[in-house]
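Peer 1: Here's a structure for you.
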Amino acid sequence: MTSKQRAMLRSMANTMDTILYIGKEGVVPGTIKQASDALEAREIIKCAVQQGCPLSAREALDELCQALEAEPIQCIGRRFVMYRPSKENPRIVLE
C-alpha cells in the first residue's frame, strides 16, 4: 500500500465513529470475529483500546491485523484504524 492510498484512507477515517472497543481481556476470538464482520461490511474501521486493557493500541492493532490479514492505517493514542478490502462487495477504490 502506498503512502498516498494510506493518506486517503486516513482522511476517510477522520469522520468515522469508533465501532470496536478492546477491553480488559485484550484481543479474544470474539473481538476478532466482530472485527472481521465489521471489516467485511465497511472495509475500514476505527477501534479503541479501553483503560484497563493490558495491550497498547499499537500492540492491539498489530495483533488484529495479523489475525485478519488487514492493513494498519493509523494509530494515535488509544485509537487505531485498519483496512481490509471486502471479499464479496468491495466499495473503496484505492488509486
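Peer 1: Taking the chain, how much of its Cα-Cα pair set, in percent, is spaced more than 17 angstrom apart? Before the final figure, lay out the partial values.
Peer 2: Values: 1995 of 4465 pairs.
Result: 45 percent of Cα pairs exceed 17 Å.
Peer 1: Using the Cα centre of the range 3-83 as the reference point, and only Cβ charges (+1 on K/R, -1 on D/E), how large is the resulting charge dipole? Debye, rounded to the nearest 20.
Peer 2: Values: 10 positive and 10 negative charges, 74 e Å.
Once rounded to the nearest 20, the dipole reads 360 debye.
Peer 1: Where a Cα-Cα gap under 22 Å defines reach, which lysines qualify for K33, not counting those fewer than 8 residues away within the same chain?
Peer 2: K24, K46, K87
Peer 1: Quick one: if you stick a label point 7 Å off each Cα along the C-beta vector at Q66 and Q50, how many nm between them?
Peer 2: Between Q66 and Q50, the simple spin-label model gives 2.4 nm.
Peer 1: Next up: Each residue of the range 37-42 in turn: what ³J(HN,Hα) in whole Hz from Karplus with 6.51, -1.76, 1.60 and θ = phi - 60°, glycine and Pro shown as x?
Peer 2: Those phi angles translate into 4, 5, 5, 5, 7, 10 Hz.
Computed from the coordinates by the stated procedures, all read-outs in this text should not be read as laboratory data. Note that this is a predicted model, so its numbers are computed, not measured. Every residue, glycine as well, gets a Cβ built from its backbone with ideal geometry; the counts of neighbours run over all protein chains shown.
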